[in-house]
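Scroll down for the structure; my scribbles are underneath it.
The values are calculated or read from the model by the stated rules, or taken from the named source; none is laboratory data. Bear in mind the structure is a predicted one, so any value in this text is a computation, not a measurement. Neighbour counts are summed over all protein chains in view; Cβ atoms, including those assigned to glycine, are modelled from backbone coordinates with ideal geometry. The protein model used for the area step is the full one, side chains on, heavy atoms only, and it has no ligands, DNA or RNA in it. Shrake-Rupley method; radii C 1.70, N 1.55, O 1.52, S 1.80 Å.
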Amino acid sequence: MIVVMSPSASEGEIKSVIEWLHEHGFEVHISRGKVRIILGVIGDKETLFDLPVEALEGVEKTVPVTHAYKLASRLFKEEATVIDVGGVKIGGQNFVVIAGPCAVENREQLLETARKVKEAGAHFLRGGAFKPRTSPYSFQGLQEEGLKLLAETRAETGLGVVTEVMAPQQTELVAQYADILQIGARNMHNFDLLREVGRTKKPVLLKRGFAATIDEWLNAAEYIMCEGNYKVILCERGIRTYEPMTRNTLDISAIPLVKGLSHLPVLADPSHASGKWKLVAPLSRAALAAGADGLMIEVHPDPSRAFSDGPQSLKPDNFATVMAELRQLVPILGKEMA
Ligand code: PEP
Ligand code: MN
């Protein structure tokens with residue numbers, strides 16, 4: 001249930017309502033908006049509806065939440081969440097671009113990509129050090145050495161780093177190096193991992209599972225948020241459909257739909273969605289037009305030699321062209337390049 005406090009409620013009234021709810025065995029999450037305070041109340045629904053919450057001083061109304069996720073819901077927080085990562089704002093009016101190779105392969109490859117994507121206007125560098133590969137015989141990533149290279153590259157270029165964490169026991173290590181922890185599509189249902197990243201203070205980029213419904217995806221965000229970490233960024237990366245010509249199908253309607261259901265920022269990943277570098281520019285335009293708060297794009301200095309995801313990786317020049325086009329389109333669509 002959501003308890004909407006009246007705009008004129010005093011701090012004392014708010015405190016007593018929270019205490020009252022605690023005394024009745026409920027967990028309370030507080031969302032302080034510009035106009036009013038909203039309380040997200042978690043606990044047994046049946047008991048809550050029998051209690052006279054609306055009779056408490058300072059309460060304007062109660063709203064039942066019909067979906068299981070609450071903290072991720074727009075009902076809990078009306079205003080868009082804006083997450084500041086090292087001075088770059090994600091969400092709200094801002095449009096951000098995360099770019100870099102699928103995997104960190106070596107120092108030269110990473111540094112060259114980072115310099116070029118930065119020059120083209122990217123805000124963050126991506127690169128996997130722990131790679132969730134379909135085959136156990138494929139390149140699994142440089143692991144801690146890859147994390148060190150990411151940190152070195154950040155020191156050199158100033159770009160914040162987005163990198164994947166695949167297992168709960170890796171979280172502490174990856175969090176020492178990453179500015180944003182990525183949860184990959186294959187791990188969206190890994191609830192122990194979601195809880196573990198929820199216990200860190202790092203922003204989390206949560207990719208949609210390729211067979212996950214929107215409801216399941218938002219509940220995955222809820223797992224992170226209910227541990228106290230509200231800095232969740234959603235990323236639509238394509239879902240598996242019957243169409244074999246693209247690696248996945250970008251669910252473009254998920255973008256405006258999720259932005260209506262949730263206050264969290266929503267990015268799109270046209271690289272994994274299509275599996276084809278030629279589709280990255282048109283899908284980037286589509287995602288922006290649909291209201292995405294940014295993009296995650298794979299870039300490699302020489303895609304023909306990439307250890308993973310070469311066919312969907314842009315060469316730095318093509319990435320620069322996409323960025324130049326986005327810079328023109330972003331203001332037309334009512335956003336600002338972060
Ligand atoms: C990735 O970003 O490199 C990746 C593995 O993506 P996904 O989890 O969306 O497949
Ligand atoms: Mn990849």
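Structure values in brief
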| quantity | calculated |
| --- | --- |
| Cα gyration tensor shape of the stretch 232-338, rounded if a/c is under 1.5, else prolate or oblate by comparing a/b with b/c | oblate |
| For TRP20, solvent-accessible area (1.4 Å; no DNA, RNA or ligand), Å² | 50 |
| Sequence-distant lysines (8 or more away, or on other chains) whose Cα lies within less than 30 Å of LYS70 | LYS15, LYS34, LYS45, LYS61, LYS89, LYS201, LYS202, LYS207, LYS231, LYS259, LYS335 |
| Solvent exposure, largest accessible area first (probe 1.4 Å, DNA, RNA and ligands not counted), of ILE30, ILE42 | ILE30, ILE42 |
| Rounded to the nearest 10 Å², the accessible area of ASP251 at probe 1.4 Å | 30 |
| Estimated D of the stretch 2-63 in µm² per second, where Rh is the Kirkwood radius over Cα pairs and Stokes-Einstein applies at 10 °C, 1.306 mPa s | 138 |
| Local net charge near ARG126, Cβ-Cβ under 13 Å (Lys/Arg +1, Asp/Glu -1) | 0 |
| DSSP beta bridges in the chain [antiparallel fraction, %, rounded to 5] | 40 |
| Ellipticity estimate at 222 nm from DSSP helix runs (n ≥ 4, -39,500 (n - 2.57)) divided over the chain, nearest 500 | -10000 deg cm²/dmol |
| Shape call, the stretch 64-158: gyration tensor on alpha carbons, a/c limit 1.5 | oblate |
| Between the stretch 244-264 and the stretch 276-324, the Cα center-to-center distance that results, in Å | 17 |
| Convex hull of the stretch 101-152 built on C-alpha atoms - directionally averaged projected area, nm² | 3.7 |
| Cut-off under 5 Å, modelled amide H: who pairs with ALA103 long-range | GLY128, SER308 |
| Mean-position separation - Cα centroids, the stretch 30-86 and the stretch 6-20, in angstrom | 13 |
| Charged-residue dipole, Cβ positions (Lys, Arg, Asp, Glu), the stretch 83-337 about Cα centre, Debye nearest 20 | 280 |
| Peptide ranges 313-321, 126-134 listed from the most packed, as the mean C-beta count within 10 angstrom indicates | 126-134, 313-321 |
| Table column - 3J(HN,Hα) (Hz), the stretch 98-112, Karplus curve with 6.51, -1.76, 1.60, x for Gly and Pro | 9, 9, x, x, 4, 10, 6, 9, 6, 4, 5, 4, 5, 5, 4 |
| Cβ-derived FRET efficiency at R0 41 Å, GLU57 paired with ASP84, nearest 0.05 | 0.70 |
| Size of charge dipole - the stretch 1-140 - debye, nearest 20, with Cβ of Lys, Arg +1 and Asp, Glu -1, no other charges | 1000 |
| Accessible surface of the chain [probe 1.4 Å, protein heavy atoms]: carbon and sulfur percent | 52 |
| Semi-axes of the equivalent ellipsoid for the stretch 174-244, Cα gyration tensor, largest first, Å | 22, 13, 9 |
| Relative contact order (%) - the chain, alpha-carbon pairs under 8 angstrom, separation at least six | 16 |
| Global geometry of the chain, whether rounded, prolate or oblate, following the gyration tensor of its Cα atoms and the 1.5 cut on a/c | prolate |
| Magnitude of the charge dipole, the stretch 60-148, Cβ model with Lys/Arg +1 and Asp/Glu -1, debye to 20 | 160 |
| Phi to ³J(HN,Hα) by Karplus 6.51 cos²θ - 1.76 cosθ + 1.60 over the stretch 289-306, Hz, x for Gly, Pro | 5, 7, x, 4, 8, x, 9, 10, 10, 8, 9, 9, x, 9, x, 5, 10, 5 |
| Rounded to the nearest 10 Å², the accessible area of TYR230 at probe 1.4 Å | 80 |
